[in-house]
Amino acid sequence: MLVVLKSLTKTAVEEYEELQKECLEDIKNDIASPIKYFMYRNRMDLPTLTSVVGIFSFRVKRHLKMKYFRKLNDKILQKYALGFNIEIEELKDFKI
């Protein structure tokens, strides 16, 4: 039983790492926002992230897109920064 759980955990971790890599490509192509990257880095899914930041899921989905991310004010970005346990500057000045 323990071996099966370790295998499932390893598979989940590998999947999140792959999603992170894909997200970095999307950020380079100006599609995805840094919020999406940090969501995967912290091994969160959309329901978990919405719960952590206290923002409705339809709004969080928009914030995962670069064109909407650019319009976010510091108050909203601070909620994400707290949820990811990072500084707000890491979101605003995200470098690949």
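At least 1 residues that are more than 16 Å from MET39 (Cβ to Cβ), touching a Leu at 6+ places or on another chain (Cβ under 7 Å) and open to solvent by 80 Å² or more (accessible area, probe 1.4 Å) in each: list the helices (runs of 4 or more DSSP H) lying fully within the stretch 55-96 that qualify.
Details: elements: 57-63, 66-69, 74-84, 88-92.
In the stretch 55-96, the matching helices (runs of 4 or more DSSP H) lie at 88-92.
Among the residues of the stretch 23-44, how many are on the phi < 0 side of the Ramachandran plot, touching a helix residue (DSSP H, G or I) at 6+ places or on another chain (Cβ under 8 Å) and open to solvent by 70 Å² or more (accessible area, probe 1.4 Å)?
Within the stretch 23-44, residues that are on the phi < 0 side of the Ramachandran plot, touching a helix residue (DSSP H, G or I) at 6+ places or on another chain (Cβ under 8 Å) and open to solvent by 70 Å² or more (accessible area, probe 1.4 Å) number 2.
I need every pair where a residue in the stretch 31-54 that is closer than 15 Å to PHE69 by Cβ and without any contact (Cβ under 8 Å) to a residue 60 or more places away in the chain has its Cβ under 7 Å from the Cβ of a residue that is open to solvent by 10 Å² or more (accessible area, probe 1.4 Å) and among the β-branched types (Val, Ile, Thr), sequence separation at least 6 or different chains.
Every condition considered, the pairs that remain are TYR37/ILE27; PHE38/ILE86.
Which one of these does TYR16 not meet: (1) under 20 Å from PHE94 (Cβ atoms); (2) touching a Ser or Thr at 6+ places or on another chain (Cβ under 9 Å); (3) open to solvent by less than 60 Å² (accessible area, probe 1.4 Å)?
(2)
The values are calculated or read from the model by the stated rules, or taken from the named source; none is laboratory data. Predicted model only: the values in this text are computed from it and were never measured. Cβ coordinates were reconstructed from backbone atoms using ideal geometry, including for glycine residues, and neighbour counts include every protein chain displayed. Just so you know, the surface numbers come from the protein's heavy atoms only, side chains and all, with ligands and any DNA or RNA stripped out. Shrake-Rupley method; radii C 1.70, N 1.55, O 1.52, S 1.80 Å.
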